[in-house]
1. Within the range B:121-163, which residues are surrounded by 15 or more Cβ atoms within 10 Å (Cβ to Cβ), within 16 Å of ligand 2 (Cβ to nearest atom) and part of a loop (DSSP other than H, G, I, E, B)?
2. Kindly provide the set of residues from the range B:165-203 that are within 16 Å of ligand 2 (Cβ to nearest atom) and not in a helix (DSSP H, G or I), ordered by number.
3. List the residue pairs whose Cβ atoms are under 6 Å apart, where the first residue sits in the range A:148-166 and is without any contact (Cβ under 8 Å) to a residue 40 or more places away in the chain, the second is part of a helix (DSSP H, G or I) and of a type in the set (Lys, Arg), and the two are 6 or more positions apart or on different chains.
4. Pairs only if they're at least six apart or on different chains, beta carbon under 6 angstrom, first in the range B:30-59 and within 18 Å of residue A:172 (Cα to Cα) and open to solvent by less than 10 Å² (accessible area, probe 1.4 Å), second hydrophobic (A, V, I, L, M, F, W, C) and assigned to a strand (DSSP E or B); list them, first residue then second.
5. I'd like to verify a number: residues in the range B:50-82 that are over 24 Å from residue B:178 (Cβ atoms), within 16 Å of ligand 1 (Cβ to nearest atom) and of a type in the set (Val, Ile, Thr), how many?
6. Can you confirm whether the range B:11-31 contains a residue that is assigned to a strand (DSSP E or B), within 15 Å of ligand 2 (Cβ to nearest atom) and closer than 23 Å to residue B:124 by Cα?
Amino acid sequence: MARKNSRQWLWAVLGWLVAILLFFPIFWMFLTSFKTEVAAVATPPQLFFRPTLENYVAIQDRANYFNYALNSIAVSLGSTFLALLLAIPAAYAMAFFPTKRTKGTLMWMLSTKMLPSVGVLVPVYILCREAGLLDSRIGLIIIYTLINLPIVVWMIYSFFKEVPKEILEADRMDGASTQQELRHVLLPLALPGIASTALLSIILAWNEAFWSLNLTTFDAAPLTAFIASFSSPQGLFWAKLSAASTLAIAPILIFGWLSQRQLVRGLTFGAVK
Amino acid sequence: MSTVTLRNIHKQYTDVEIIKGIDLDINDREFVVFVGPSGCGKSTLLRMIAGLEDISSGDLLIDGERVNDVPPDKRGLAMVFQTYALYPHMTVAENMAFSLRLAGVPKQQRLERARDVARILQLEPLLNRKPKELSGGQRQRVAIGRALVRNPKVFLFDEPLSNLDAALRVQMRLELASLHDSLQTTMIYVTHDQVEAMTLADKIVVLQGGVVEQVGSPLELYHQPRNLFVAGFIGSPKMNFLTVTVSAVNDSGTTVQLPGDASVTIPVKPSSLSVGDRATLGIRPEHLRLDPNQPTLTGEVLVVERLGGETFLYVRIAGGDTLIVQTDGDNPSRTHDRAFVHINGDFCHLFDQNGESIAKTRRHHLMNETHEQPYQNRVSYQAE
Ligand SMILES: Nc1ncnc2c1ncn2[C@@H]1O[C@H](COP(=O)(O)OP(=O)(O)OP(=O)(O)O)[C@@H](O)[C@H]1O
Ligand SMILES: [Mg+2]
C-alpha cells in the first residue's frame, strides 16, 4: 500500500515537472511581453519588474493585428471545413467498405506526413505561383487541407470504426440511402469524434508556420507570419516579439482551453475506450 | 402471401466457401428456425436473405420473384439483430418510426404508427426514452417493434434472445410465439438454442458446415433424424450412441450385438447393413429405463444430476461407453451404484457406417399429422 502510494507520488511529481517545463517558455514569453526591450535582455533575467504595455502599442502601430488574425481564422476554419468535407466520405468508404488495400492506403496517407515540407517547397511554390494562389487565403486553405487531410481521415476513420456495424445494417434495412445513413445515423453518432478532429485540425492550421511564411507576404498572411515579422533584419526585439507571440497564440490558447475535454478525447483517439 | 425460396445458394469469401449450395422452401406464414453449431453459416444465410450480404451464386426468390440484386429495404423484410442495433441517439418512438421517416411519412402519422406498435408490445410508457435507459428485454422489444412498424412480409431474427437472462428468454419466447400467431407473417429465426428451435418452429432447418443436414418439423427431427449429426444435435441431453455389430437382418427388424453380451432388435427396414457389419445404435436418455428385472446393459453410476423433476444418471457400461439415463426426480440411485439399464428396441435408431439413419418399419404415430397449421382458423392481425 505504502509502496503504491509513493509510486503515485513519484508519477504526480514527474507529471508536474513535465507540465511546468512545457509551460515555462510560454509563461516567460508572456512576462517578457510586458518588459521594456532593455529589461527583456537583462542578465540575469528579471522575474520582478515594472510592467509596461508599450510593446503592445508599438505592435499595433507597426502592423494591423486584426488583419492577420482574420487571415488565421479564415484559413484554419476554411481548411478544416474542406478537410472534413473530403475526409468524411473517404473515412466512410474505408471504415465500412474496406478492401484488401485499405490498411495500406491509410498507412500511405500517413506516410506523406513523414516527408519534410521543405522537400516540396519549390514545386509547391511554383504550382501556387502558376495558379495565381501566392499570398491568397484560398492557396493557404488548399495547402493546409492537404497537409491535415491524412490525420483527419485517420481520426474520423477510427471514430467511424467504433460505430457498431449492426446499427448501419439496421438503417439499411430501414431503407436509408447512403446520404440518409450519414446524416441521420453515422454523423450524429460520431459527432464527438468529428468535433475533436475539427478542433485538432483548426489548431494545427493555426500554428502552421512553414508554408504560411513561404507562400504569403501580406494579403493572406496569418498570425504566424505576424510573429515572424518581428524578427526583422534590424535585429531581434525580444519584448515586441514576445508581445506579438502572446497576441498570436492567445486566441488558440483560449479556444483550446475551452475545448480541452474534446481535444483530449481526440488526441488519444482509439487509445482510451 | 410471402414465400421465400432458396435455390442452390452459395456464399464464397475470397478463398473459403461458407454456404455450399442450399435449397429451401419457406412457406407463407411459416415459422422457420435455422439451427446448427457455431460457425455453420446460419447468420450468413440469414443475412443473404436480408440483403446485407451478397449472394455468390444461386437464386433467392421472395414471393416467386428473384431478389438477389434487390436492396435490403426493397425486399419487404425486417430484421431483428442479436445486439438489438437500436439507434442510440434516438428515442424509442424515433427508433421505431425511423423507417417511416426515411420513407417520407409525415411526422404525425409515423408517430401514431409507432404508438400503435408500442401498444402491442407494451412499450407505451417508454416511448420517449433513449435505448440506454432501457433494460435488455425492453430493448429487445423495441427492436421487434422497429421491425413491426414496417409491416414486413417476412421477419428475420438473428439469435434475438441470446443476450437475455434465462427467465426473460422464456418470456420473450412465448411473446414471439404469440406474436407470430397474431401477425401471421413468415418468420425466419436463427438460434443455437434448441429449446427455442423446438418450441417456436413450424419447420427446423439443421445446418452444418454450410449445408443443410435435415429439414422438418420439430417432432420429425426428434423422431426421425436423418443422420448421426441431427440425432446428436436435436434433443437435450444428447442422444446416446453405442457402436454395435449386426447379428441378424430380416424384414421386421435388424438385431444388433451390444457391448457386453446383450442384443437388441430394432424395427428398421432391411438396408445395406448385413450380418457382421458395424453400425451405430442411438437412443435418447428419456427412452432408457432402469429395470433390474430385464437389464439389457449393466454399469456403474458415475454422476447423478438431480434437476428436481427429473434425474440424469451417467452410467459407465462395459466397454467404457457412458450412457445418460433420464429417470424420475425421486429415483434413489447414488454414485457408484450398479445400474441395470433396459433398452427398448422400438425407441432405438440405427445408423450405418456413413452415419445415415436406417428407415424404421413404421412411422412415429405423431409423424402422420403434418406440421402444417390450420391457419384459416386463426385470428388475423390488421396492420393498418
Ligand atoms: N467476412 C467474412 N470473411 C470470411 N469468413 C467469414 C466472414 N464472415 C463470416 N465468415 C465465416 O463464415 C462462417 C459462418 O459464419 P456465421 O456468422 O454465419 O456463423 P453462425 O452459424 O451464425 O455462427 P454463430 O452461431 O456463432 O453465430 C464462420 O466460419 C465465419 O468465420
Ligand atoms: Mg450467428
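1. B:159, B:160, B:161, B:163
2. The answer is B:188, B:189, B:190, B:191, B:192, B:193.
3. none
4. B:45/B:19; B:46/B:156; B:46/B:190; B:50/B:77; B:50/B:79; B:50/B:156
5. 1
6. No; the residues of the range B:11-31 include none that is assigned to a strand (DSSP E or B), within 15 Å of ligand 2 (Cβ to nearest atom) and closer than 23 Å to residue B:124 by Cα.
Listed here are the residues, each with its yes/no results for (1) within 14 Å of another protein chain (Cβ to nearest Cβ); (2) under 20 Å from residue A:34 (Cβ atoms); (3) of a type in the set (A, V, I, L, M).
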residue: A:190; (1), (2), (3): yes, no, yes
residue: A:199; (1), (2), (3): no, no, yes
residue: A:215; (1), (2), (3): no, no, yes
residue: A:238; (1), (2), (3): no, yes, no
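Listed here are the residues, each with its yes/no results for (1) exposed (fewer than 12 other Cβ atoms within 10 Å of the Cβ); (2) at pLDDT 95 or above; (3) out of contact with any His (no Cβ under 7 Å at 6 or more places or on another chain).
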residue: B:282; (1), (2), (3): no, yes, no
residue: B:296; (1), (2), (3): no, no, no
residue: B:309; (1), (2), (3): yes, no, yes
residue: B:314; (1), (2), (3): no, yes, yes
residue: B:320; (1), (2), (3): yes, no, yes
residue: B:333; (1), (2), (3): no, no, yes
residue: B:351; (1), (2), (3): no, yes, yes
residue: B:373; (1), (2), (3): no, no, yes
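The values are calculated or read from the model by the stated rules, or taken from the named source; none is laboratory data. The structure displayed is predicted, hence computed values, not measured ones. For neighbour counting, all protein chains shown are included, and Cβ atoms are generated from backbone atoms with ideal geometry for every residue, glycine included. Please note that ligands, DNA and RNA were not included when accessible areas were found on the heavy atoms of the full protein model with its side chains. Shrake-Rupley method; radii C 1.70, N 1.55, O 1.52, S 1.80 Å.
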